[in-house]
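J.: Handing you a structure now.
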Amino acid sequence: MAQVSIRSVKKRFGEVEVLHGIDVHIADGSFTVLVGPSGCGKSTLLRMIAGLEHISGGEIAIGGKVVNDVPPKQRDIAMVFQNYALYPHMTVRDNMAFALMLAKADRATIDAKVGRAAEILGLTQLLGRFPRQLSGGQRQRVAMGRAIVRDPQVFLFDEPLSNLDAKLRVAMRTEIKELHQRLKTTSVYVTHDQIEAMTMGDQIVVMRDGRIEQSGSPLELYDRPANTFVAGFIGSPAMNFLPGTLRRGGGGTSVELADGTQLEAPSGAAGSDGQPVIFGTRPEHLALSADRGIPTEVVTVEPTGADTFISCRHHGTDMSAVFRERHAFAPGTTIRLLPDLQRAHLFDAATGARLAA
């Protein structure tokens, strides 16, 4: 196991800079998730850690050793790809053993390591099969087994679950997390799925346009997003954003929405009187009120059994709310939604930064 340090790392393709000085510290034994929309640079960064992409600036260190000019095979890392990258003409056993065979390991060592990995991943009965005889989830397990037998310092996962159906993705998420808890190997995982990031990572690094927007534990990002991008990206359904104006005076602070609705400002919010702001509240932090809060028109009602999802609209702004109770709202009716001020947020309308005292 080893820590990974990424210091002021840049990447250019010709004249175009796609990573703009990335700084990330990945602790020994941790599970760090790089998340962000397509094209944000997360897979490029992972490939730079692996040595598959040249570093244009800065440095990457694995286990305290700078590896900028170290070839991939000498970095002691193992990578699990999105498309499995299995050899179709080899059995499961031979796919898992291939790296050890190249390293000229003896038969006893190969058998022991492949057997251990197969037992961990539930592949023992499948060692004699070929990839074409396996399901998508089984193939992904074989790809992970091939990484495990190498006993690397660092595991790198490049969107390994994106080719699986939704139900299998949830099951494999649990398997990968359980695998990490068992092996304790430093892991870096790339995904565009924020649910995967929230459920799997010790540390989440949110990226956009080649820069880091925020990093921290899943609940840090959920409870204290640095800006509207992180607030809107982390959480499902997404946070509601309502434009307004901050009002200070008379011993209190409030937010005046576009239609004149007055809301108390979130607890601990900063900002100056008259400042254009965005009031942020998560769908699950809204309660029904008879005469206070935000007047909204119900658009659709989606009962799921455990929860009721409401899509609604306030003065041209789409909103959503989630209730544990069952409601039979009729589309077109007006309801009032009262935000939990202990969990609401205020953002600067110009920069998107969270306004916290």
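The values are calculated or read from the model by the stated rules, or taken from the named source; none is laboratory data. Source: prediction; values computed, not measured. Positions of Cβ are generated from backbone atoms using ideal geometry, with glycine treated the same way; all protein chains shown enter the neighbour counts. Accessible surface areas use protein heavy atoms only, side chains included; no ligands, DNA or RNA. Shrake-Rupley method; radii C 1.70, N 1.55, O 1.52, S 1.80 Å.
J.: With the requirement that a residue be surrounded by fewer than 16 Cβ atoms within 10 Å (Cβ to Cβ) and in a loop (DSSP other than H, G, I, E, B), what does segment 211-229 give you?
T.: Of segment 211-229, the ones surrounded by fewer than 16 Cβ atoms within 10 Å (Cβ to Cβ) are 211, 217, 219-220, 223-224.
Those that are surrounded by fewer than 16 Cβ atoms within 10 Å (Cβ to Cβ) and in a loop (DSSP other than H, G, I, E, B): Ser217, Arg224.
J.: Being more than 13 Å from Arg146 (Cβ to Cβ) and in contact with a helix residue (DSSP H, G or I) (Cβ under 8 Å, 6 or more places away or on another chain) is the filter; apply it to segment 117-131 and report the residue that is surrounded by the fewest Cβ atoms within 10 Å (Cβ to Cβ).
T.: Of all residues in segment 117-131, those more than 13 Å from Arg146 (Cβ to Cβ) come to 119, 122, 124-126, 128-130.
Right, trim to in contact with a helix residue (DSSP H, G or I) (Cβ under 8 Å, 6 or more places away or on another chain) and you get 122, 124, 126, 128-130.
Details: Gly122: 12, Thr124: 13, Leu126: 19, Gly128: 10, Arg129: 15, Phe130: 16.
Within segment 117-131, the match that is surrounded by the fewest Cβ atoms within 10 Å (Cβ to Cβ) is Gly128.
J.: Give the residue, chosen from Asp69, Asp106, that is under 28 Å from Cys40 (Cα atoms), surrounded by fewer than 19 Cβ atoms within 10 Å (Cβ to Cβ) and acidic (Asp, Glu). Before you say what the answer is, go through the steps one by one.
T.: Details: Asp106 fails: under 28 Å from Cys40 (Cα atoms).
Being under 28 Å from Cys40 (Cα atoms), surrounded by fewer than 19 Cβ atoms within 10 Å (Cβ to Cβ) and acidic (Asp, Glu) holds for just one of Asp69, Asp106, which is Asp69.
J.: Also, quick follow-up: Might you let me know whether segment 37-56 holds any residue that is β-branched (Val, Ile, Thr), modelled with pLDDT under 95 and buried (at least 18 other Cβ atoms within 10 Å of the Cβ)? Before you say what the answer is, go through the steps one by one.
T.: Restricting attention to segment 37-56, the residues satisfying the condition of being β-branched (Val, Ile, Thr) are 44, 49, 55.
Those left that are additionally modelled with pLDDT under 95: none.
Within segment 37-56, none of the residues are β-branched (Val, Ile, Thr), modelled with pLDDT under 95 and buried (at least 18 other Cβ atoms within 10 Å of the Cβ).
J.: Could you tell me whether any residue of segment 341-350 is touching a helix residue (DSSP H, G or I) at 6+ places or on another chain (Cβ under 6 Å) and either under 20 Å from Gly232 (Cα atoms) or open to solvent by less than 20 Å² (accessible area, probe 1.4 Å) (or both)?
T.: Keep residues of segment 341-350 that are touching a helix residue (DSSP H, G or I) at 6+ places or on another chain (Cβ under 6 Å), which gives 343, 347.
Pick out the ones that are also either under 20 Å from Gly232 (Cα atoms) or open to solvent by less than 20 Å² (accessible area, probe 1.4 Å) (or both) and you get 343, 347.
Yes, segment 341-350 contains a residue that is touching a helix residue (DSSP H, G or I) at 6+ places or on another chain (Cβ under 6 Å) and either under 20 Å from Gly232 (Cα atoms) or open to solvent by less than 20 Å² (accessible area, probe 1.4 Å) (or both).
J.: Scan segment 144-156 and tell me whether some residue there is over 30 Å from Ala356 (Cβ atoms), touching a Phe, Trp or Tyr at 6+ places or on another chain (Cβ under 8 Å) and in a helix (DSSP H, G or I).
T.: The answer is yes, given that some residue of segment 144-156 is over 30 Å from Ala356 (Cβ atoms), touching a Phe, Trp or Tyr at 6+ places or on another chain (Cβ under 8 Å) and in a helix (DSSP H, G or I).
J.: Look at segment 321-340 and say how many of its residues are open to solvent by 60 Å² or more (accessible area, probe 1.4 Å) and over 23 Å from Pro266 (Cβ atoms).
T.: 5
J.: Could you tell me whether any residue of segment 10-20 is open to solvent by less than 50 Å² (accessible area, probe 1.4 Å) and under 18 Å from Leu156 (Cα atoms)?
T.: Residues of segment 10-20 that are open to solvent by less than 50 Å² (accessible area, probe 1.4 Å), as a first pass: 11, 18-19.
Checking the rest, the ones that are also under 18 Å from Leu156 (Cα atoms) come to none.
Within segment 10-20, none of the residues are open to solvent by less than 50 Å² (accessible area, probe 1.4 Å) and under 18 Å from Leu156 (Cα atoms).
J.: Follow-up. How many residues are out of contact with any Leu (no Cβ under 8 Å at 6 or more places or on another chain) and either at pLDDT 95 or above or within 19 Å of Met239 (Cβ to Cβ) (or both) if we restrict to segment 301-321?
T.: The initial filter retains those residues of segment 301-321 that are out of contact with any Leu (no Cβ under 8 Å at 6 or more places or on another chain), namely 301-311, 313, 316, 318, 320.
Right, trim to either at pLDDT 95 or above or within 19 Å of Met239 (Cβ to Cβ) (or both) and you get 302, 307-311, 313, 316, 318, 320.
Total satisfying the criteria: 10.
J.: Considering Thr185, Thr174, which residue is open to solvent by 40 Å² or more (accessible area, probe 1.4 Å), more than 29 Å from Met319 (Cα to Cα) and among the hydroxyl-bearing types (Ser, Thr, Tyr)?
T.: Values: Thr185 fails: open to solvent by 40 Å² or more (accessible area, probe 1.4 Å).
Only one candidate qualifies: Thr174.
J.: Which of the residues belonging to segment 63-76 are touching a residue at least 60 places away in the same chain (Cβ under 8 Å) and either over 16 Å from Phe155 (Cα atoms) or of a type in the set (Phe, Trp, Tyr) (or both)?
T.: Gly64
J.: Another one. Tell me the strands (runs of 3 or more DSSP E) entirely within segment 230-316 that contain at least 3 residues that are open to solvent by 20 Å² or more (accessible area, probe 1.4 Å). I'd like the intermediate steps shown before the answer.
T.: On the way: elements: 240-249, 252-257, 262-264, 276-281, 286-289, 294-303, 308-314.
So the answer is 240-249, 252-257, 286-289, 294-303, 308-314.
J.: Please find, among Met79, Met96, the residue that is closer than 27 Å to Cys40 by Cβ, in contact with a Leu (Cβ under 9 Å, 6 or more places away or on another chain) and touching a residue at least 12 places away in the same chain (Cβ under 8 Å). Step through it out loud before you land on a result.
T.: Details: Met96 fails: closer than 27 Å to Cys40 by Cβ.
After ruling out the rest, the residue left standing is Met79.
J.: Now, a different point. In segment 65-92, what count of residues is obtained for those that are under 32 Å from the mean Cα position of the chain (by Cα) and more than 28 Å from Asp28 (Cα to Cα)? Please lay out each step first, then the result.
T.: We begin by selecting, within segment 65-92, every residue under 32 Å from the mean Cα position of the chain (by Cα); these are 65-88, 92.
From the residues that got through so far, the ones that are more than 28 Å from Asp28 (Cα to Cα) too are 86-88, 92.
Count: 4.
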